[in-house]
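For reference, the structure is listed below as structure tokens.
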Amino acid sequence: MKSSVKKQQKPPQKIRLDKAARQLVLQYPDGEFSLPAEYLRVYSPSAEVRGHGASDGILVTGKIHVGIEKVAAAGRYALQIFFDDGHDSGIYTWAYLRELCEEQASKWQAYLAQLESAGQGRDPDESAVKFIQ
């Protein structure tokens with residue numbers, strides 16, 4: 001019989017905030033992962049971003065310049081990330097951080113495709129213009 005409880009993910013061995021590069025660096029026994037602030041911000045697990053139901057999430061746009069001010073432990077199971085745009089309500093569990101590491105390429109491509117489909121962009125100072133003939 002399979003357990004319905006998800007296996008608890010262990011925390012990274014080291015966590016380093018590289019403010020200059022705007023990324024969070026996580027060291028695991030099997031490798032190091034660098035997660036850009038923009039990626040972490042657009043995939044925030046907060047209710048503000050994900051919504052309260054399956055289809056309530058929002059597409060976060062214009063975060064190419066976002067940085068991370070600080071990170072703090074959230075109990076023994078997660079990190080809270082404080083972004084310089086004021087967003088700080090996402091609690092990133094160890095399991096979710098590991099998922100973001102392992103699926104970074106596919107999640108990033110999915111995000112870029114969503115932006116394109118919505119006619120939105122990563123830079124808040126640029127907007128997509130469509131010419132009608």
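Summary of values
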quantity	calculated
Among residues of the range 58-81, those that are closer than 23 Å to ASP123 by Cα and either polar (S, T, N, Q) or surrounded by 14 or more Cβ atoms within 10 Å (Cβ to Cβ) (or both), counted	11
Filtered residues of the range 46-57 (kept if among the hydrophobic types (A, V, I, L, M, F, W, C) and either buried (at least 18 other Cβ atoms within 10 Å of the Cβ) or under 20 Å from ALA78 (Cα atoms) (or both))	ALA47, VAL49
Pairs, first without any contact (Cβ under 8 Å) to a residue 60 or more places away in the chain in the range 113-125, second among the charged types (D, E, K, R) and surrounded by 13 or more Cβ atoms within 10 Å (Cβ to Cβ), C-beta under 9 Å, six or more apart	LEU115/ARG122
Residue within the range 67-89 that is of a type in the set (Lys, Arg), out of contact with any Lys or Arg (no Cβ under 7 Å at 6 or more places or on another chain) and either modelled with pLDDT under 95 or part of a strand (DSSP E or B) (or both) present	yes
Of the criteria (1) closer than 22 Å to ALA105 by Cβ; (2) more than 14 Å from the chain's Cα centre (by Cα), which one ILE64 fails	(2)
Positions within the range 11-45 being surrounded by 15 or more Cβ atoms within 10 Å (Cβ to Cβ) and more than 14 Å from TRP94 (Cα to Cα), in sequence order	LEU17, ARG22, GLN23, PRO36, ALA37, GLU38, TYR39, ARG41, VAL42, TYR43
Strands (runs of 3 or more DSSP E) fully within the range 10-58 counting 1 or more residues that are free of Cβ contacts under 8 Å to residues at least 40 places away in the same chain and among the basic types (Lys, Arg)	14-18
Counted residues, the range 99-120 - those being more than 11 Å from the chain's Cα centre (by Cα) and either part of a helix (DSSP H, G or I) or of a type in the set (A, V, I, L, M) (or both)	12
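The values are calculated or read from the model by the stated rules, or taken from the named source; none is laboratory data. In this text the structure is predicted, and so the values were computed from the model without any measurement. We place every Cβ from the backbone using ideal geometry, glycine too, and count neighbours over all the protein chains shown.
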